[in-house]
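Read the figures in this text as sums done on the coordinates, not as results from a lab. None of these values were measured; they are calculated from a predicted model. Cβ: placed from backbone, ideal geometry, glycine included. Neighbour counts: every protein chain shown.
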Amino acid sequence: MSPQPANLLQGTLDLLILKALVSEQRHGLGISRRIEQITNGTFQVKPGSLFPALHRMEEAGWLASSWGESENNRRAKFYQLTKAGRRQLETEQQEWGRISLAIASALKAT
Amino acid sequence: MLASISKLWRNLFHKKTIERELDDEIRTYVDMLTAEKMATGMSPEMARRQALIDAEGIEQVKEQVREIRRGHAIEGIAADLRQALRTLRNNPGFAILATLMLALGIGATTLVFSVFYSVLLKPLPFREPDRLVQIWEARPQKGWQQASFTEANFWDVRAMSKAFEGAGAFTLADMNMTGSGDPQHLTVGRVSAQFFHILGVQPLLGRVFFTDEDQPGRDNHAVLLGHRFWITQFGASPSILGKTLRFDGQSYRVAGVLPAGEPWLNDADAFIPLVYSPAASRGSFEFSVIARLAKGVSLEGARSDLAAVCSRLAKLYPANDTGMAIKIKPASAWGADAKLRSALWVLLGAVGFLLLIACVNLANLLLARATARLREITIRSALGASRIRIIRLVLGEAFVVGFLGAGLGLLLAWQGLDLIRAANLDGIPHISEIGLNGWVLGFTLVITLLVVICSGLVPALQAPRHDLAAALREGDRSQAGNRSQYRLRSALVTSEVALSLILLIGAGLLIRSFDKLLHVNRGFQTSHRIIATVNMPGSYDGNRIDQTVRAYNSRVSSLPGVQAVAAASSRPVLGWDSGMGIVAADRPDPANGNVPWASWRFITSDYFRAMGIPLLQGRTFSEREHKGAPWRIVISQKLAELFWPGQNPIGRKAILWKGQGNEVAEVIGVVGNIRDHGLDSDPTSIVYIPYYGTGWPVAQFVVRAAESPASLVPLLRSSLAEIDPSLPLSDVRTLQDIVDASVGTKRLNTILLATFAGIALILAMTGIYGVLSYSVARRTAEIGVRIALGANPKRIFVLIAGQGMRPILLGILIGLGGAAALSRLLASLLFEVQPLDTATYIAVSLLIVLTALLACYIPVRRALRVDPASALREE
């Protein structure tokens, strides 16, 4: 189904979750599948890391949650980005850009 | 901010809703995952199973989510404590035992620390005490290392020295207060006017002396009241200010009331100014002198300044001050002396040991409980409880027990403080100030936390390390611990035995020493004897003093039930006295001024009979003999042996006050030695001189009664009133009481250490019993098999007790080594007992072996009674 799943860098999970929620609100499994999809299957998020992260981000005020019906009529908890969450996504994206540039140039150096 | 507070609120107080939502959320996830897998063609069972494996356990995920939640820490701790309380309620035996043990340990430690704090640590109640010093005169060439100041030298040093901001003198006088009810004997402090300014004492009421109030020509008749005197005599009434009191016929106006405080402030009932006189005495050494170092002057600087002053004084007054030196000591020396200091350190060390034993015992109990709960703990960790969570669970119990124990311990300490206050411990400075103040409570809090952490951490760290499957299997069968745990508990027993052995040996040494002290040949008798003071005012001349003493002697001796009565110039066993150089007239003077020193005491004829001092040779004085007319003396045996060993001293001549008065006196009698400087010091050399003709105004009457002397006291008072109604009878005490007070510190030490050692023994035995009954319970099946196969119960007892005794014997060996090393610290507190007293070591070891055997016997006997068949079923 997927190539070798990569280990998640510390802090990367938050970024991926925020990114996964940009387009629409999703439930836990939906977020997990969306992350797989946007990383071309590189990252698989297990519930043991996903749910603690969701609850932490909710407590931090980046996510809001509500209960609703899933696509196959199950009562599920949906998460969506708050304003603070969008701001957080901005900063984390910039941060990530800086880090990947830095790493790339470090690897290029002889 | 508001949002996060409301979150915290929700997390803490709407736990049920939160839990339900969390459960729903995770379940939906797994359901959806299952549905996804079924869509790929898996069977429902297979899909469900695969989904659960992928999710890595519903409960574990939930626990992980809980741990990141806000307020989780608080909630977890609250839950731990609730859980701990619940388990303790379910095991009241464990809870009560553990709490009591800790209460004893913490209570004893708190009690000793409270004494330690008041006596050694509490700062002096004076301003900037590190600049306060006390100075003494000395004449090193004559062998006087430390003497009080003469009045003249005090005024001179105060005027000449540049090292001090100021200096003050203090001496005590006996005065009679008249005009306020019955005549009353008072101890009055005479102090130079600056004295309280130098200490930096603020009066409770009114003022202290004006700094020039000791100058002649000013009104010198102000009096300051001591705190206790103000309360007992005047009911703490503020209206006493400005009133007039009559001391020895002189009027004094109350100018202020002083606070309580040690030293100095509590030493007198009232204080009057010491008035400067250019003709002050240069020969009578009776003033304590304190001084405050000027800013920036060190002790060294003060020393060299004082040396210069001394050489000036020696030139000015060669007759008195040749060879004069001044000794200076910081005020920190005002508290406990070295002996008391080491006694308190020993006590603190002892309760430290006691606390350690209580700690080890608690650890042992918690370990046993952790073992019994192994299954529960294993299941908890299988359900996702983190290692930290489990450690906290076990620590929670230690915490609850620790604080229950601390609370109860504080109550015990509070009671103990009352007992200490009630005991006869006048000799210990600041002992009246002991109490549970902030420092003591803080100390208790700290040791309680240490105890909780130390005793809780061992089992807590041990608990979650087990392999889950193995633990479940083992727990299934016997719910018992493994070998390493048994070894750990044996080690704890060994350390308990070693610690309590050391304590018991220390206590044993002190008890033996105290017993020897109480039964030492003190040289006089204490039963049925009382001492009372009659203080005659300065207006009485020598004749009147003689008449009064003579009349009182004859009056009291005719009272029914009085066997003997006599007057003396000082009380026995005071620890201080006035002395003189003395040599034998018929022997060459000792080389390099090494003159023997003897105390002198003025007595009336019946003194030896009244005190129960045996007359060994010659005779005592008659009632008609007077001091110096001609000079006749009775000496103690020690002096007789020093001067005329193996010869008859009667009729020989001795030179009294060698170098000062050089009176030649004839020896008319020799009496037995008495230990006059305290029971633990060597017998004192004493020269007895007739009382009559001395003009000594403070007579100490010793009365020997046939029966209990207490009933005599009213008669003694009324007899004195018949002779001279203006004289008070004061300080009436039994001789036994005086002797008891002189060993107060030792009594406190001995009683406390013995109590601690007793508690330690009980704690150690509880520990041994606990470990033994646990290991015997584990072997019940084995014992059953042995009995079924025909083993002799006696042999089984020997077998099991033998194994149980192994850690105990090891503990005894270690303890003996420790005691041998540590008992040297006790050496200064022991009297006629060696730190390595074999008898004590053997007796204590035997005591431990016997009590340990008893602790072994009970569980083994229980095991032997078990029916073999049911024992086997237990496996």
Using the Kirkwood radius over Cα pairs, work out the Stokes-Einstein diffusion coefficient for the range A:12-108 at 20 °C and 1.002 mPa s, in µm²/s as a whole number.
151 µm²/s
How many angstrom lie between the Cα centre of the range B:606-681 and the Cα centre of the range B:232-286?
38 Å
Consider just the alpha-carbon atoms of chain B and return their Rg together with their Dmax, both in angstrom.
37.7, 134
For chain B, what does the relative contact order come out to in percent, with C-alpha contacts under 8 Å and a separation of six or more?
15 percent
Amide H to amide H under 5 Å from B:A236: which residues, 5+ apart in sequence or cross-chain, H placed 1.01 Å off N in plane?
B:I231
Under a cut-off of 17 Å between alpha-carbon atoms, report the lysines in cross-link reach of B:K638, not counting same-chain residues fewer than 8 places apart.
B:K653
Hey, rough spin-label estimate for A:S65 and A:L107, points 7 angstrom out along Cα→Cβ, what's it come to in nanometres?
3.6 nm
Filter the DSSP H helices in chain B by two things, a Kyte-Doolittle mean of at least -0.5 and an axial alpha-carbon span of 20 angstrom or more, and list the hits by number.
B:72-90, B:92-116, B:299-316, B:338-372, B:387-422, B:438-462, B:483-518, B:744-778, B:793-822, B:838-865
R0 = 51 Å: FRET efficiency of B:L715 with B:A843, Cβ-based, nearest 0.05?
0.60
When the Cα atoms of the range B:762-856 are enclosed in a convex hull and the volume is divided per residue, what value in Å³ results?
94 Å³
Search the structure for amide H atoms under 5 Å from the amide H of B:A584, placed 1.01 Å from N in the peptide plane, and list their residues when 5 or more places away or on another chain.
B:I655
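Find the percent of Cα-Cα distances in the range B:129-334 that exceed 26 Å, and round it to a whole number.
36 percent
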Apply the Karplus curve 6.51 cos²θ - 1.76 cosθ + 1.60, θ = phi - 60°, to the phi angles in the range B:188-194 and return the couplings in whole Hz, x for Gly and Pro.
10, x, 9, 10, 5, 4, 6
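Counting alpha carbon pairs within less than 8 Å and at least 6 residues apart, what relative contact order, in whole percent, applies to the range B:129-334?
36 percent
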Pull up all non-local amide H partners of B:H185: gap of 5 or more, or a different chain, and H-to-H distance under 5 Å with H placed in the peptide plane.
B:M177
Share (percent) of C-alpha pair distances in the range B:538-725 greater than 31 Å works out to 18 percent
Out-of-range pairs (alpha-carbon distance over 21 Å; input A:K19/A:K83; B:K627/B:K658; A:K46/A:K83; A:K46/A:K77; B:K122/B:K339):
A:K46/A:K83
Exposure proxy order (Cβ contacts within 10 Å, fewest to most) of B:D214, B:D541, B:D737:
B:D541, B:D737, B:D214
Within the P(r) computed for the protein assembly as shown, what percentage of the Cα pairs occupies the region above 40 Å?
62 percent
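What fraction of the DSSP beta bridges in the range B:538-725 is antiparallel, stated in percent and rounded to the nearest 5?
Numbers: 23 of 33 bridges.
Percent antiparallel among DSSP bridges in the range B:538-725 is about 70.
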What does the C-alpha gyration tensor say about the overall shape of the range B:603-656? Classify as rounded when a/c is under 1.5, otherwise prolate if a/b is larger than b/c, or oblate.
oblate
